[in-house]
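In what follows, a single structure is set out as structure tokens and then discussed.
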Amino acid sequence: MIDLSPILLEKYNVPTPRYTSYPPANYFGSDVSPKKAEKVILQSNNEQPENISFYIHIPFCSRNCLYCGCNTVITKDKIKMDSYMATLKKELALVANLLDDHRKISQIHWGGGTPNYLPVEEVEEVMALFKQHFSFIENPEIAMECHPAHLTYEYLDRLIDAGFNRFSMGIQDFNKKVLETVHRDDTAIPVDELVTYLQQRNISVNLDFIYGLPFQQQASFETTIKQAIEVNPARLAIFSYAHVPWVKPTQKKLESYGLPGSHEKITMFLTAHHLLTQAGYRDIGLDHFAKPEDELTVALDTKTLHRNFQGYSTLATTGQVYALGASGISQLNNAYLQNTKDLKQYHAMIEQGLLPIEKGYVLNREEKIIRNIIDELMCNLHLSWEKTAIRFNSTTDEVKALTQISKKQLTEFQNEGLITFSDTEVNVTNTGKFFIRNITAAFDPLMKTSEKKFSKAL
Ligand SMILES: C[S@@+](CC[C@H](N)C(=O)[O-])C[C@H]1O[C@@H](n2cnc3c(N)ncnc32)[C@H](O)[C@@H]1O
Ligand code: SF4
């Protein structure tokens, strides 16, 4: 098992962005109006990538998991869900109207919340609308984030018939005490049976776990990860619990049980890392693991890995992302656009024929360069100053100056064994991977003056 220096762990366990977007979402502002958003979407037709990715946010869940950092609405009210889906279909028509006919869908990602908490007919109807409005590339990725408590074989069969070929399941932990403490419902069908069933049908499965929850310890988490390896998914995500009670006040309740300290947390992650890599998985980016033959691993080896709010994917399939649903974030070449989180406002704006945009961020050329540098480091653990300069019709001197990173800082990281660097490139070492958020933040000029709040890096 990798042994990380306690001095480095202490030094770098500080609030740091996760860089799922650049700039981070807490920089989005209310100056992006629905009309401006329309213009930005029209403009995106002439930007790269040409392919269209859709993200559909379904906020509904049956119960509130206390650790949850996602945008959720806890309800058992089917009428509420029906009316949300009716509005979402109108939103789809509004967005489809703005997109050029020649562009094709390469990805559809259903996230939440719990999309599989919807009646399956609702999902089928939206998928039918996509087929009506758009053409698709060959082998598009159609994925859903699922809570296994609401999965049945019939439900999965119908999703597969509707075109789904990837599923991600939230497991979090196999330990009953941990799950009960965080108010997590049990699975309907044992996870190993679900995964085997899907894999027999050639469907790729990812399992999500979280470390840093009350009552988690190295030994129990080791048992959980061993069990996960037995289940044999193509991919796993091992997320560090992001404790952000100032955004999600219900997380505060977990403090009364005692949260594992940073040393215990990192030990759990290192244990998982050791077990998974011994079992033949490769580590991908911040917190993902994939089999060697998986597309993510191939993308890592060819330096074409990409990351956005939906997780890691390959550059080949990721298009500009158009989000539907309350709180969804569109991720375009030029801008981020975030829908309102407020369901009433979401309905009202769409009824008026407006895009339900609440805030956003339009990037200038310099910010796009920084975003690209951050992506390269976070995903591919590598930065070529020259290739970045060529990509943006710039010079290496300009690109270096934009990051405001000093030779002193690079040398400090190198002396700590986190990177190697020369005049032309930066490479993150195997130890550096564990501190990638900190390394990346040093290339972000915003962090020199930022007063925003972020979760801790480790
Ligand atoms: C939308 S949820 C997954 C789908 C489904 N609702 C479920 O819970 O199984 C996406 C994932 O985000 C992760 N997650 C949620 N809150 C988190 C937090 N505060 N810190 C880290 N990961 C979190 C969980 O691992 C969860 O599986
Ligand atoms: S973890 Fe999943 S099921 Fe639980 S509240 Fe969050 S989105 Fe809903």
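Which residues, taken from region 35-74, are free of Cβ contacts under 8 Å to residues at least 60 places away in the same chain and within 16 Å of ligand 1 (Cβ to nearest atom)?
Result: 60, 70, 72, 74.
Looking at residue 42, is it touching a His at 6+ places or on another chain (Cβ under 6 Å) and surrounded by fewer than 19 Cβ atoms within 10 Å (Cβ to Cβ)? Steps first, answer last, please.
On the way: touching a His at 6+ places or on another chain (Cβ under 6 Å): no; surrounded by fewer than 19 Cβ atoms within 10 Å (Cβ to Cβ): yes.
It is false that residue 42 is touching a His at 6+ places or on another chain (Cβ under 6 Å) and surrounded by fewer than 19 Cβ atoms within 10 Å (Cβ to Cβ).
For region 37-55, does any single residue satisfy the condition of being touching a Phe, Trp or Tyr at 6+ places or on another chain (Cβ under 6 Å) and within 16 Å of ligand 2 (Cβ to nearest atom)? Working first, answer last.
Restricting attention to region 37-55, the residues satisfying the condition of being touching a Phe, Trp or Tyr at 6+ places or on another chain (Cβ under 6 Å) are 54.
Next cut, within 16 Å of ligand 2 (Cβ to nearest atom) only: none.
There is no residue in region 37-55 that is touching a Phe, Trp or Tyr at 6+ places or on another chain (Cβ under 6 Å) and within 16 Å of ligand 2 (Cβ to nearest atom).
Among the listed residues 26, 97, identify the single one that is modelled with pLDDT under 95 and more than 16 Å from ligand 2 (Cβ to nearest atom). It would help to see each step written out before you state the result.
Details: 97 fails: modelled with pLDDT under 95.
Selected residue: 26, the only one of 26, 97 that is modelled with pLDDT under 95 and more than 16 Å from ligand 2 (Cβ to nearest atom).
Given the criterion within 16 Å of ligand 2 (Cβ to nearest atom), within 26 Å of residue 111 (Cα to Cα), surrounded by 16 or more Cβ atoms within 10 Å (Cβ to Cβ) and within 20 Å of the chain's Cα centre (by Cα), identify the matching residue among 326, 299.
Values: 299 fails: within 16 Å of ligand 2 (Cβ to nearest atom).
Answer to the selection: 326.
Being in the same structural domain as residue 49 (by TED's automatic domain parsing), crowded, with 22+ Cβ neighbours inside 10 Å and modelled with pLDDT under 90 narrows it down to one residue among 281, 312; which is it? Working first, answer last.
Numbers: 281 fails: modelled with pLDDT under 90.
Of 281, 312, the one residue that is in the same structural domain as residue 49 (by TED's automatic domain parsing), crowded, with 22+ Cβ neighbours inside 10 Å and modelled with pLDDT under 90 is 312.
How about region 173-207: which of its residues are at pLDDT 95 or above, surrounded by fewer than 18 Cβ atoms within 10 Å (Cβ to Cβ) and within 13 Å of ligand 1 (Cβ to nearest atom)?
183
If we scan region 87-96, do we find a residue that is surrounded by 15 or more Cβ atoms within 10 Å (Cβ to Cβ) and part of a loop (DSSP other than H, G, I, E, B)?
no
Within region 162-181, can you find the residues that are closer than 23 Å to residue 309 by Cβ and within 16 Å of ligand 2 (Cβ to nearest atom)?
167, 168, 169, 170, 171, 172
So, in region 127-161, exactly how many residues are within 16 Å of ligand 2 (Cβ to nearest atom), part of a helix (DSSP H, G or I) and either in contact (Cβ under 8 Å) with a residue 60 or more places away in the chain or of a type in the set (Phe, Trp, Tyr) (or both)? Give the derivation first.
So in region 127-161, the residues within 16 Å of ligand 2 (Cβ to nearest atom) come out as 143-151, 155.
Now restrict to residues that are part of a helix (DSSP H, G or I): 148-150, 155.
From what is left, the residues that are either in contact (Cβ under 8 Å) with a residue 60 or more places away in the chain or of a type in the set (Phe, Trp, Tyr) (or both) are 149-150, 155.
Looking only at that region, the number is 3.
Counting only residues that are within 16 Å of ligand 2 (Cβ to nearest atom) and closer than 11 Å to residue 290 by Cα, how many does region 228-243 have?
Taking region 228-243 and keeping what is within 16 Å of ligand 2 (Cβ to nearest atom), we get 237-243.
Now drop any that are not closer than 11 Å to residue 290 by Cα, which leaves 237.
So the answer is 1.
Tell me, yes or no, whether region 71-78 has at least one residue that is away from ligand 2 (no atom under 11 Å from the Cβ), part of a helix (DSSP H, G or I) and of a type in the set (Asp, Glu).
No, the conditions are met nowhere in region 71-78.
The values are calculated or read from the model by the stated rules, or taken from the named source; none is laboratory data. Keep in mind that what you see is a predicted model, and the values were worked out from it rather than measured. FYI the Cβ positions are ideal-geometry reconstructions off the backbone, even for glycines, and counts take in every protein chain you see.
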